[in-house]
Structure formats: C-alpha cells, structure tokens
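This report concerns only the one structure given below.
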Amino acid sequence: MARTSVTIKDVAREARVSVATVSRALNGHENVAESVRQQVLATADRLRYQPHAAARSLSSRRTQTIGVVLPDLYGEFFSELIRGIDQVARARRQHLLVSSYHGLPEEQGEALRAMRGRVDGLLVLSPYTDQPGFLVDNLPSSLPVVLINTDVQEAAYPALTIDNYSAAVAMVEHLVQAGHRRIAFIGGPEGNFDARERLRGYRDALARLAPEAPLQEFAGDFSETAGYEAGKRIAQAADRPQAVFAANDMMALGCLYAFNEAGVRVPQDIALAGFDDIPLARFVHPTLTTMRVSIAELGGQAMSRLLDTIDSDGERVAPSAMLVPELIVRESSIGAVPRAKK
C-alpha cells in the first residue's frame, strides 16, 4: 500500500479498532490500554502511516509541537536535559522546537516571542536572576508553560526546580565528615540562580561545621575552562585547601585536569567533588563524587507535566515541585575503592 494512500481508517481497519482509538493511541492519550496502543503503533509503522500535519492541526487546533527555550545548548547538562525531554516527546508523538538565548535577556525575549503561534506549549529554563517582570512579560499568555530551574517568584506558572541549597549543604557535610576542614568552592556565573544557591549552601554549611576554616572561593562560569583555571590557582596556592567543591561537574573535571598537570594527586593530596552527576563523572579517574540531579528525569518530568496540562485544556495544571539531589560518593573524595580480588 503506497504511503500517500494510507489513512487513519486503514490503520483502524488493519488494527481492528475504531478510528477514535487509533487517534488516541497516536496522540499519546492515557485512556488507551497499553497492549492496544502497541498494536496501533505497530500497525501504523507497518503501513507507513504518516498523519497529515496540517489537517490534524486544523481539526485539533494543535501543532503537535512543543517549544523549548534554554540559556545554552553546549555541555552535558543540556544534552541530558534535552534527552529526557525528547524521550517523553517521542513517546507522545510530539515535535520539539528548540531555541537558545546564550544567557542574554534580549535574545531570550526574542526566542519566547518567536514561539507564539508555532507551538502548543513552552518549556523554559531561565536560571539567571529575573529582571523585574521581564520573563513574565515575555511569556505568551495564551500558552501553557512549565518552568525549569527558574527563580520567578511572582509568576503563576508550575515549575520544577532543584534543591540546590540543601544539596550543597549535604556535600560540605560529606567533605567535613571525611576529615576535611579547609574546603574551597568554585562558583558559577554571576546572577545564576543555581550557582547562587549552591554558594549559599557552601557558606552556611562551612560556617556551621568548620567555623575556624576560611572561605576560599574561586570564580567560575560552569565551563571546563573555568574549572581548569581555578584548579591551576589552587594547585599553586601556598595555603592549598584540603578539598575542592565545584559548583558543577564540568568545572570539577577541568579542575581535575589542572591537578593532574601540576602533579597534585586526587584524593591523596586534595579531595574533589562536583554537582550534577553528568555521565562522564563515573568514567574519569578517579571517579567523581557529586550530587546526582537526574538531569534527564528533570527534563522528562517537565515535559510530561506540560503535555498533561495541554491535553486537559488547562483544567489540570501540575503543581510546582522541587527535586532533591542525591549524594553520590566516589573515589575523588574518599580514596580509591578497593578492588575485589580475582
């Protein structure tokens, strides 16, 4: 059967279900038994059925497209986030329209405005401190929106955030319990919500657990280069700290490279920890202690909440939620893990 001649009625006939059931299954609605959904999907794939996008949009007034607006697309954090978003989008037959604004408010406003009329809803990650009302003023009022890691107090939008403060406190507690007192911190970009909360957690925890220890803070921007430059300064410092807590894993890995160049051993000479648990964190030597954020899960949950809101025509809006990172202790902060004897 030629692809252009296949209709939804053909799929329904071959799958032995109603046209309405085929429609629900292809659009990811929950009120379809999983066995029936798989049968419909398999039949549609076998017949090479391709829904007519324009006709479907006219009948449902939906584009089957979700807008994703991010501050950047570079790095493993954003790669994992997009992976989680895309997994849910594909399972529910949605397309993605992705835009990056490189941390610039003007470009962010342009990206948000450009989504109007082209998408059914928006996922927005805006970790930089919001200028009064800027983000809210540029969000299309007619579209469902879910915010990711965004500090917008006055916005009546559901948001998924990370408990950065408590996670940073937990990491400092771990390093102190491991015997370290002089703990340095490599921070994130100025005005970044995540970076600010992680720095606040570091300062408060160190003041409580090791009040005699000085604060040793190094500027960073979440990049490997920033971690590398900070690592070089730390390795050469006369008052070298006992441990380093980097505000994300990419900077921790850059720092590790600088330590290796300088002959500073991790963890024998200095402990090292990061934040995020990007996939690479478990494949470096030594393996990296970090706070696991489950980045892909964060993206997937945000997409699921947005699509549920869209499918209910805004009647069911998922409440905001905060994800609590998990402390993952590896070799870089406690020494090499003994290998099992063969």
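Only the coordinates and a few stated rules stand behind these numbers; no lab work does. Here the structure is a predicted model, which means the values were calculated and not measured. Note that we place each Cβ from the backbone using ideal geometry, even for glycine, and neighbour counts take in every protein chain shown.
Exposure proxy ranking for Phe77, Phe283, based on other Cβ atoms within 10 angstrom of each Cβ and starting from the fewest, stands as Phe283, Phe77. Seen against the Cα atoms of the chain and their longest principal axis, helix 105-114 is set at about 10 degrees. All other residues whose Cβ lies under 10 angstrom from that of Thr161 are scored, Lys and Arg at +1 and Asp and Glu at -1, for a net of -4.
Which of the three applies to the chain, rounded, prolate or oblate, going by the alpha-carbon gyration tensor with a ≥ b ≥ c and a/c under 1.5 meaning rounded? The partial results should precede the final answer.
Values: a/c = 2.79, a/b = 1.95, b/c = 1.43.
Note, shape of the chain comes out prolate.
Among Ile310, Ile234, the ranking by other beta carbons within 10 Å of each residue's beta carbon, starting with the fewest, stands as Ile310, Ile234.
Going from the residue with the fewest nearby Cβ atoms within 10 Å to the one with the most, Thr309, Thr225 rank Thr225, Thr309.
A Cβ-based charge dipole, computed about the Cα centre of the chain with Lys and Arg at +1 and Asp and Glu at -1, lands at about 1500 debye.
Projecting the Cα atoms of Thr65, Val145, Gln268 onto the charge dipole of the chain (Cβ charges, centred on the Cα centre) puts Thr65 farthest toward the positive pole.
Ignoring everything except DSSP H segments at least 4 long, calculate the 222 nm mean residue ellipticity for the chain; use -39,500 (n - 2.57) per segment, divide by total residues, nearest 500. Calculated mean residue ellipticity at 222 nm is -13000 deg cm²/dmol.
Taking the longest Cα principal axis of the chain as reference, the axis of helix 34-47 is set at about 70 degrees.
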